[in-house]
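Comments concern the structure below.
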2 protein chains.
Amino acid sequence: VKTLAEGPLADWELQLWNALKSLGEKSLERVGRDIQSETGLSAADFGVLSRLEDLGGGTLRQQELADSMGWQRSRLSHHLTRMEERELVERGEGKTARSTALTITTKGRDAIRASRPVHAKSIRRHILSHLKAEDRKLLLALAYRLTADD
Amino acid sequence: VKTLAEGPLADWELQLWNALKSLGEKSLERVGRDIQSETGLSAADFGVLSRLEDLGGGTLRQQELADSMGWQRSRLSHHLTRMEERELVERGEGKTARSTALTITTKGRDAIRASRPVHAKSIRRHILSHLKAEDRKLLLALAYRLTADD
């Protein structure tokens with residue numbers, strides 16, 4: 001067991017922490033901006049619709065979706081209400097009385113299918129094209145090490 | 001100018017994209033969980049209170065805070081209402097009629113000061129202790145390259 005330093009974070013420690021946070025945040029921001037401006041879907045819309053297609057074959061329980069996105073149920077619920085108004089998704093009864101099933105509409109399916117190429121292109125442009133072979137290796141190794149179970 | 005691949009993302013491309021997103025997300029989640037369980041502040045509370053102290057000397061305009069956190073104004077406003085109810089912050093009039101000034105209370109100051117050591121320890125435990133010298137170098141280089149202005 002390693003002994004950890006004590007006291008406030010030193011500048012170099014803060015710099016690493018901020019680098020780690022900003023890597024993912026900035027990348028998500030950029031890709032989200034491209035999708036928004038080219039397709040009208042927000043990053044959150046894209047997250048919802050792509051999960052409905054990929055994980056649920058078109059339908060998921062609202063709670064499964066919340067878990068997969070890491071969102072609180074109330075935040076997701078507000079967002080889904082707006083997506084329902086735009087006719088991208090439909091809510092219905094789930095298998096039990098208390099669960100809600102969420103289904104992608106035809107309009108939602110068209111929207112996510114039109115957005116996927118924009119998503120792929122944006123990820124390549126902003127991220128993948130900047131990674132050398134050694135960066136790729138390190139990124140995968142780091143993600144594995146830092147996100148393994150405690 | 002490099003030519004980018006076309007078509008859907010290949011598995012290895014998706015894997016890198018997911019690694020990049022999960023690095024920051026999982027790290028934030030873990031540090032947030034430690035702060036929550038040891039101090040009762042959520043990660044968002046910590047973000048608000050630490051910015052009030054570090055950037056504003058105790059007071060910030062609500063819009064400045066929203067910009068710094070990358071949150072939409074309405075989401076932040078809801079959150080601040082709950083923090084005001086818990087007496088961690090106070091809202092007052094800003095310099096112009098339409099701006100709102102947000103000030104940390106004594107209770108908020110006590111809370112953030114008690115949380116900082118937990119924050120530092122958690123970052124060291126979950127992240128810094130797992131980084132070798134070469135990881136640190138690459139992480140900083142990657143963050144610099146991927147978050148530079150387009």
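Below are the figures for this structure:
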read-out	value
Search result, residues across the range A:64-77 that are loosely packed, with under 15 Cβ neighbours inside 10 Å and modelled with pLDDT of 90 or more	A:67, A:77
Only listed residue being modelled with pLDDT of 90 or more and either hydroxyl-bearing (Ser, Thr, Tyr) or exposed (fewer than 12 other Cβ atoms within 10 Å of the Cβ) (or both), chosen from A:6, A:53, A:85, A:90	A:85
Filter pass, residue B:33 being more than 7 Å from every other protein chain (Cβ to nearest Cβ), part of a helix (DSSP H, G or I), open to solvent by 70 Å² or more (accessible area, probe 1.4 Å) and of a type outside the set (S, T, N, Q)	yes
Some residue of the range A:66-78 being within 13 Å of the chain's Cα centre (by Cα), small (Gly, Ala, Ser) and under 17 Å from residue A:109 (Cα atoms)	no
Counted residues, the range B:9-27 - those being assigned to a helix (DSSP H, G or I) and surrounded by fewer than 16 Cβ atoms within 10 Å (Cβ to Cβ)	5
Some residue of the range A:131-147 being more than 12 Å from chain B (Cβ to nearest Cβ), free of Cβ contacts under 8 Å to residues at least 12 places away in the same chain, open to solvent by 10 Å² or more (accessible area, probe 1.4 Å) and in a helix (DSSP H, G or I)	no
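A quick yes/no check of all residues on (1) of a type outside the set (Ser, Thr, Tyr); (2) over 16 Å from residue A:56 (Cβ atoms):
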| residue | (1), (2) |
| --- | --- |
| A:85 | yes, yes |
| A:90 | yes, no |
| A:96 | no, yes |
| A:100 | no, no |
| A:104 | yes, no |
| A:114 | yes, yes |
| A:120 | yes, yes |
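The values are calculated or read from the model by the stated rules, or taken from the named source; none is laboratory data. Everything numeric in this text was worked out from a predicted model, so none of it was measured. Glycine gets a Cβ as well: all are built from the backbone with ideal geometry, and neighbour counts include every protein chain shown. Surface accessibility is based on the protein's heavy atoms, side chains included, excluding ligands, DNA and RNA. Shrake-Rupley method; radii C 1.70, N 1.55, O 1.52, S 1.80 Å.
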